[in-house]
Structures are given as structure tokens and as C-alpha cells.
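Each remark here refers to the structure printed beneath this line.
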2 protein chains.
Amino acid sequence: MAPRKHIIGGTAPLSVDSRQRRILDELQARGSCTYREFEKLLGVSSMTVRRDVDVLAKRDALIKTLGGAQYSNVPQFLYETALSERIAVNRAEKDIIADSALKLVQPQQTLYLDGSSTCIALARLLAKAQFALTVITNSAIIAMEVGVSPTAKVLCLGGDYDPQSASFVGVLAEEACVKFFVDTAFMSTKAFLPEEGMFESSIAALRIKQLMAQRSAKLVLLVDHSKFGQRSLCRVVAIEAIHTVVTDAKSPRAALEVLRKGGRQVVVAGGSEPEEPKAA
Amino acid sequence: MAPRKHIIGGTAPLSVDSRQRRILDELQARGSCTYREFEKLLGVSSMTVRRDVDVLAKRDALIKTLGGAQYSNVPQFLYETALSERIAVNRAEKDIIADSALKLVQPQQTLYLDGSSTCIALARLLAKAQFALTVITNSAIIAMEVGVSPTAKVLCLGGDYDPQSASFVGVLAEEACVKFFVDTAFMSTKAFLPEEGMFESSIAALRIKQLMAQRSAKLVLLVDHSKFGQRSLCRVVAIEAIHTVVTDAKSPRAALEVLRKGGRQVVVAGGSEPEEPKAA
DNA sequence: TCCCATTATGTTATAATTCTACATGATTTC
DNA sequence: GAAATCATGTAGAATTATAACATAATGGGA
């Protein structure tokens, strides 16, 4: 991952990063560009340009067109962070989980959503659903996603910005937390053990989760199957604090059984319950 | 040019117009589509779909991609608000103004940036400049933009989310304001009169501006020429509170003279100083 | 009503592009 | 200093796009 610096002589080739940045700069300035033009501009082969453009397209930083690329007005912050990749991982499962989570929401409720990618998926559905809701979050992205809904009121915790999750943590966020009390808090987690609870690697994020878990009437955990059976740095809450676990059909059945026996409500998204038929 | 209506029997082929409309509808709903999918969906040959897509692409209604087409307006994603349009208006001027504003920033400083589109432009430059800075803002977008810089610390005010500006206002934001004191506050404004000061139409946004103006050692106003000579609902601060005004070369000279005589520092971006030549 | 001009569509062949696999040189790591 | 990793380039295969032509359908006239 370390950037290569091969400064040889005469014309110093650009590093991968700066070359990709120049591609974006050029697109921003000109709107669109062909591969040929990029080859000349950057002094590399067609294949290298294509590979760069592929990387940037995967991050939605640009749009691939026929013989080249076109500027995308998706703001820069999204592709500079690892966030867009996190959103892309297991996207189908996350969407299905979010869909099931939506059914746990009633109009007029007050919700908390953390900054996880699964909650981002839920936020999109909430915005579409046009419920009258109050949504509290510490995620800048969720604030913006839900904010497009004219029927939802959005409140965001301030604080130190964490670029990894695009959310706010720290003293300011913690102070803001204690002013609220919500009906349902939706959270995801880095790792989850059915016998022990949910784990988090970032201490700052952990404290927000803990505070909001205490301040919610109902705590709903959204976890796709990849989270099961792992442990991480610190435990957020014990298993007893969790009211409902929403997961996908690929999760280990044994683990779900443990949860049910422990008294948790378990929702397997896309599993037994038939998906509602899409309104024709 | 007359649309053909060949309603024969059984399966009624769509007219050209309604077929193209369906292509756009499908793209708006799904984001992107392949030619194959369109063929099946519309029951026509590959070539017909391609011709339709060509027509629509010429109108910028969609973007042609490799095996299909993509919706052009970056759908389903972030702000469907007026924000992206606000950013686009007078973009060149805003970039130039931001460039000049950047020169007023020293490493190690603490800055405040409001949620204006000019400040968003500045935020991008700050992130690129890789200064060691602390940036306070009430804009979700600026938090994310500056947040990509590994050298900058970003603090965001929380509060009620305003989708028009993608920024936070209200009681929570006001409470957070009073905890800070910054070296320089950069703000823009809806309207600006050189004899009177800056104006704002939203009361909630106004209060944040007022509070942060009081809490900055230096207040820098970023205004493109279109803001001059207008008045709006409420005055944010009197002209005396403003230390520096950064504007573009199209601003009325008389107004700038008034400002200079009143003791303001006036920076005309892209004026006397030569732009750095673009690397060929 | 018939015929012709026009438009719309489908088919095929050809040209261009994109993707895949592999080979090479550079850089880092142990 | 050697192995592993990464970045890049080359060439051929697969896919896709374009162009040219053929056919079918419509709309006006005569």
C-alpha cells in the first residue's frame, strides 16, 4: 500500500495517487476526457489509465463512458475515505436487513441511527418511506440522507469528525447524547458474539453507542452474517441490553438459537417471512 | 416527426416517445441499466435501444456507459436539494475566491467555516493543502471535505439539520458555538451592502453566524459579485465587524472603494495577481 | 385505393473498444 | 540480497459499438 516513489531522472513519473488525482482534476476542469487524452497527459499506457479509471469509477469518483470517463458530481469526501467501500461490502445483505428493520419503525417515533453502513441503508429507506419521524444520528451521511425527506426531522450530534465512519464522536458528541431519549436505537457493530454482546474497536465510537444504548427504550442490532463469531477490542453492551437482532439468512443458525433462548427477538431478513410484493 | 401509433393487437408496441420515457424511468429507479435489460424490458432489438439511448444521451438525459446507460443526475444518492445547484452557480468565481482565501490561512490556526458553497470550495483547498489546522464548521459537507485531510482536525457543531444548506443550526448548535474561539471565521452571505453589512434570510443560520462572528479574532467575508447590492431579511453583522472581504473581479469597484475607505481589507481574487499558469 | 416518400426497426458485417492473462521491471520486506 | 508484492506494459481474445443495408410500417397525396 505504500506509495511508490520512483524518481528516476528527466521526467519523473507520478505516483499512483497523484496520477489518479490528476485524472480527477482534469475531469473536474474539462467535464470529460478520453483514454487517449489521458495517455498523453500522464505519459502512461492505455492499460494503466484504464486501471486508474476503474479504481475511481468503483468509488463513484467518476463515471466511465465509452472511450473515456466523465466527471461525476458525487462529492469528493465519499471516495477519499474507505467509507464507500464499506458501503459496497455485502451491500445486498445490508439492504435486506435494512428492509426488515424498516418494519420495526412506526410513524411519529424518535429513532437513533449510528454511523454504520447498514444504518445508512436504513436511512435511505426511511427517507423514501416519508414517515413523520425524528431521527437522531452522529453520522453526517445519515443526516444528509434522511434530510431529503420533507417529513422527517433530523438532529445530529456534533463533535470530532471521524473520517473512517463519517460520524461525530468525542466530548461534544457525548454531551449532546445525554439530552435525548429515543424510542428505538438502531446500531451495527464491528463484531458480535451471541453469548457476550457487541464489540467495537474505536473507543470514541464505543462511548457514543453505550450512551445511546442507555437512552433508548429499545435497542435493535443490525448485523450481517460476516459479523458473527468475532470479537474486537471492547464490548459495547452486554447481550442483555439488546432487544432485537436483525440479520440475514446466511447467519449461523446455532447462534440465532442462542439469541432466541436468551430472550432476544431475532429477525432473519429475507428468510421465512415473504418479502412484500413490490407495488405494481 | 409524428409519433407512430401502431397498436395492432396482443402486445402493443410502445411509441418511440413512451419507450424513451420508460428508459429514463428505469434509469431513475435503478441508476443504471444494460442494453440487454432494456431489450427485454421493452421488447425491441438491441439496435433500437441503442438508437434511443443515443438520442437521450445527446440531450444529456443520460450517460452512455459500456454495455448500457447510466442516469446522469447522480440519483438516489445524496442531496436532491438545491445544494448541488448552489455549488454549481458561479463555480469558477467561487473557486478563485477560495483560492485567495486560502492565502489568508496559516498552519496551526483554528478556523471556522460556515455552510456556504464558497466555503465548501475553500474546504476542498484546505484538505488539499495538508495544513495542520483545526477546522470548526456547522456544515456536514465541509466536515467531510476537510475530514479527508490527515493533517486537519475537524469539529462540527451538531443540531437541527437544514437540508437547504446541509448544515446544522438550532439550540444545540448555538450551545456548541459558545465553547469555541477561533483565529479566523470564513463566512459567506445571501446579500451584502458595503455600507451596512451582511444579510441572511434564515434566522437559525443567522444566529450561528452571529455567535461565531463574535467568537473569532478575524472575520473574513467571501462574496462573489452577485451578492453585492442586495438586502435580505436580517442583518448578521454590521460592516464594522468584518475585517476582510474577498471577492472576484466582477464586483462593482465603487463598492470596493467604500469598503477600503471604511477600513476593511479588500482582496480581489484573480485580479492583480497573476494566476499560476496551468502545467501544459 | 394504390403508390411513394418517410420513418422506424431489425439484421448483418465490420470496426473499435474493453477485458484477460501473462511477462517485466520496480519497490519493499525480511 | 532474495523473495514477495506491486505497478506497468504487451498482446490476443472477447465483447461492444458503428455502419450499411434490408424490411416493415405509416402518412400523404394522386
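Here are a few things to note about the model shown:
- For A:141-148, mean number of other protein chain Cβ atoms within 10 Å: 6
- For segment A:162-179, backbone phi angles converted through the Karplus equation (6.51, -1.76, 1.60; θ = phi - 60°) give residue-by-residue couplings of 9, x, 4, 10, 6, 10, 10, 9, x, 4, 4, 5, 5, 4, 5, 3, 6, 8 Hz, Gly and Pro being listed as x.
- Label points for A:Gln164 are taken 7 Å from Cα along Cα→Cβ. From this copy to the others they lie 3.8 nm apart, shortest first.
- DSSP bridge pairs, segment A:183-242: antiparallel proportion in percent, nearest 5: 60
- For segment A:16-76, the share of alpha carbon pairs falling in successive 5 Å distance bins from zero is 4, 22, 38, 27, 8, 1 percent.
- Cβ-derived FRET efficiency at R0 35 Å, B:Lys153 paired with B:Ala57, nearest 0.05: 0.20
- Residues with amide H under 5 Å from that of A:Thr65, placed H, sequence gap 5 or more: A:Gln70
- For segment B:106-116, backbone phi angles converted through the Karplus equation (6.51, -1.76, 1.60; θ = phi - 60°) give residue-by-residue couplings of 10, x, 6, 7, 10, 10, 10, 10, 7, x, 6 Hz, Gly and Pro being listed as x.
- Reach of A:Lys64 by Cα under 12 Å, taken over aspartates and glutamates that are not fewer than 8 positions away in the same chain: A:Asp52, A:Asp54
- Residue list for segment A:194-219, given a label point 7 angstrom along the Cα-to-Cβ vector of A:Cys234 and an amide N cut-off under 19 Å: A:196-216
- Calculated FRET value between B:Gln106 and B:Ala241, using beta carbons and R₀ = 25 Å, to 0.05: 0.70
- D (Stokes-Einstein, µm²/s), Kirkwood Cα radius, segment A:89-169, 1.567 mPa s at 4 °C: 104
- Taking only alpha carbon atoms, segment B:121-280 gives an Rg to Rh ratio of 0.97, where Rh is the Kirkwood radius.
- In nanometres and ascending order, the distances from the B:Leu233 label point to those of the other copies are 4.3 (point 7 Å from Cα along Cα→Cβ).
- Solution diffusion estimate, µm²/s, Stokes-Einstein, segment A:137-206, Kirkwood Rh from C-alpha pairs, 37 °C, viscosity 0.692 mPa s: 244
Only the coordinates and a few stated rules stand behind these numbers; no lab work does. From a predicted model like this one, the values you see are computed outputs, not experimental measurements. Reconstructed Cβ throughout: ideal geometry from the backbone, glycine too, with neighbour counts over all protein chains shown.
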